[in-house]
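First comes the structure, then the notes that go with it.
Read-outs throughout are calculated quantities, based only on the coordinates presented, and are distinct from any laboratory measurement. What you see is a predicted model; the values in this text were computed from it and never measured. Using ideal geometry, Cβ is built from the backbone for each residue, glycine included, and neighbour counts are taken over all protein chains shown.
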Amino acid sequence: MDTYWLFAIILAVVIIAALSFYAGKLLRQLAKQKHLQQEAELARQQGLASHDHKVFASVLIITRAMKEEQCDFSEGCWRLSVLLTSLKMSSDLALQFPTIFKLYNEIKHLSILDDRKQLTKPLRMKQDYQRMTIEAELHSEIVKDLDLLQQYTVERMSILNT
């Protein structure tokens, strides 16, 4: 009978040792997987930050061009709206800069580039008049939004650089 208990104890110790080894192996795998996930997340965040930094650099150029009247407000707001909606790490910019997005939404249905060239002269003039009218109505509010956007862009770029 003593041999039976000795055999049972040895078997129990072997099973516990095997389970302990297996549990240790799983814990090491889990730690390695968490580390890889953290590295992947860090790389993803750096990619998003790099993308946003490039977008903000473009936003800054367009904002300055609009303020210096080198770019008309329609084209500038169009470009800014597209760029700002492409940002990965910022949201609700349409609420922060409503006039820029308002102008874009008012003109986005108008023809541009090759489509504009194919319009008849009266229709092209009508669309130009619509564009100029809405630009004139929103001019002072757009200037305010441009100042705020330029400040926001500089702040965000400095945060992304750190």
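Residue under question is residue 20, and the condition is that it be of a type in the set (Ser, Thr, Tyr), part of a helix (DSSP H, G or I), more than 19 Å from residue 147 (Cα to Cα) and within 13 Å of the chain's Cα centre (by Cα); does it hold? Judged against the criteria, residue 20 is not a match. Of all residues in the stretch 43-72, those that are assigned to a loop (DSSP other than H, G, I, E, B) and either surrounded by fewer than 16 Cβ atoms within 10 Å (Cβ to Cβ) or in contact with a Gly (Cβ under 7 Å, 6 or more places away or on another chain) (or both) total 4. How many residues are exposed (fewer than 15 other Cβ atoms within 10 Å of the Cβ), under 24 Å from residue 94 (Cα atoms) and either charged (D, E, K, R) or without any contact (Cβ under 8 Å) to a residue 60 or more places away in the chain (or both) if we restrict to the stretch 149-162? Of the residues in the stretch 149-162, 4 are exposed (fewer than 15 other Cβ atoms within 10 Å of the Cβ), under 24 Å from residue 94 (Cα atoms) and either charged (D, E, K, R) or without any contact (Cβ under 8 Å) to a residue 60 or more places away in the chain (or both). Screening residue 111 with (1) within 29 Å of residue 153 (Cα to Cα); (2) touching a helix residue (DSSP H, G or I) at 6+ places or on another chain (Cβ under 9 Å) gives one miss only, at (1).
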